[in-house]
Amino acid sequence: MNNTNQTSEDFLHLVETTARQAAKTAGAIALKYLNESSPQEKGASNNMVTRADIEAQQAIADCIRGTFPEHSFLGEEGDKDAAVEAALKAEHLWVVDPIDGTNNYAQGIPFFCVSIAYLSHGVPRFGLVYDPSREELFCARKGGGAYLNDKAIRVSQASGIDGAIVATGFAYERGEYVRRTLRTIQALFDHKLRGIRRFGACAIDLCWTAAGRLDGYFELKLEPWDYAAGMLIVAEAGGRVSDAEGESLAIGAPAVVASAPGMHDALLKIIDEAQ
Ligand code: IPD
Ligand code: CA
Ligand code: CA
């Protein structure tokens, strides 16, 4: 290994250990307040924030800034070094969702996670998703495969919609996004889908797709922190990840389609037809 590779290997190792420590700390904060959360609505209706979201994000930011004080930070809960578009140009950027699945969390449903991604010039190089309720930690380095609790994972072998289990989500912003999602679900059932799931945490949906528990996942209106880590984990598990048009997913795109490669085109076609 030459010096450059060695340096980049060491750097990514530090990125990973920092992310792991931050995620474990945030997960512990979330578990501590579970069942005693007092959610407040923010922005679009149905979009909640709890004390745990704020404290968990603060803990993650402290941890990252402690190790990498010069890196940029983009967290869902207001702690943004720059607007999304500008942030994505940064050489070193951390994109963080302290609790993905806040509606579940605020309701006492133990289905939520911490999502942390490290990006360079808008491209995810490392992603980690930690589900503290199941003690499941998913992670991936670009080019290095995807792992669940340190065991390699792969997407499913699904080759079409017939018999597949697909997850989705409904945008906080009601209206056309939700109607289009419902039309897509109907069309999927017309193509003999085995089942649809709406678990309520995009990052877990992506990781469960990466692990082959789900054959695919789509959602039409997301934010960078929802999928920055999960998209890399799916890709490194051998899956396909794209926007709704089938183009490679750029951070900031609203729609995400992720699936086993054998069914991706069929899923895209149905989403397109349900417009
Ligand atoms: C939400 C979850 C949900 C998805 C929403 C997201 P939040 O994130 O990932 O599953 O349907 O679109 O905004 O608000 O719980 O962090
Ligand atoms: Ca989220
Ligand atoms: Ca969140």
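The values are calculated or read from the model by the stated rules, or taken from the named source; none is laboratory data. Given the structure is predicted, the values throughout are model-derived calculations rather than measurements. Heads up, the Cβs are rebuilt from the backbone with ideal geometry, glycines too, and the neighbour counts pull from every protein chain shown. Side chains are part of the model used for accessible areas, which takes the heavy atoms of the whole protein and leaves out ligands, DNA and RNA. Shrake-Rupley method; radii C 1.70, N 1.55, O 1.52, S 1.80 Å.
Extension gain, Q58 to E135: 0.36 nm times the residue separation minus the Cα-Cα distance gives 25.6 nm.
Averaging the sequence gap over all C-alpha pairs within less than 8 Å and six or more residues apart, then dividing by the number of residues, gives region 8-152 a relative contact order of 20 percent.
Quick check: at a probe of 1.4 Å, how many percent of the accessible area of the chain sits on carbon and sulfur atoms? Kindly include the intermediate steps, with their values, before the conclusion.
Working: 5640 of 11850 Å².
Answer for the chain: carbon and sulfur cover 48 percent of the accessible area.
How many percent of Cα pairs in region 8-152 exceed 22 Å? Don't skip to the end; give the middle numbers.
On the way: 3858 of 10440 pairs.
Everything past 22 Å amounts to 37 percent.
Round to the nearest 0.05 the FRET efficiency obtained for R154 and F189 when R0 = 22 Å and r is the Cβ-Cβ distance. My answer for the efficiency is 0.25. Expressed per residue, the C-alpha convex hull volume of the chain stands at 118 Å³. Of the peptides 23-35, 182-194, the ranking by mean beta-carbon count within 10 Å, highest at the top, reads 23-35, 182-194.
Rolling a 1.4 Å probe across the protein heavy atoms gives region 129-275 an accessible surface of 41 Å² per residue.
Counting helices only, and only those DSSP H runs with n ≥ 4, report the 222 nm mean residue ellipticity of the chain as the sum of -39,500 (n - 2.57) divided by its residues, in deg cm²/dmol to the nearest 500. Don't jump to the answer; show the numbers that get you there.
Values: 8 runs with 107 residues, N = 275.
Computed ellipticity for the chain at 222 nm equals -12500 deg cm²/dmol.
Convex hull of alpha carbon positions in region 133-256: directionally averaged projected area 7.6 nm².
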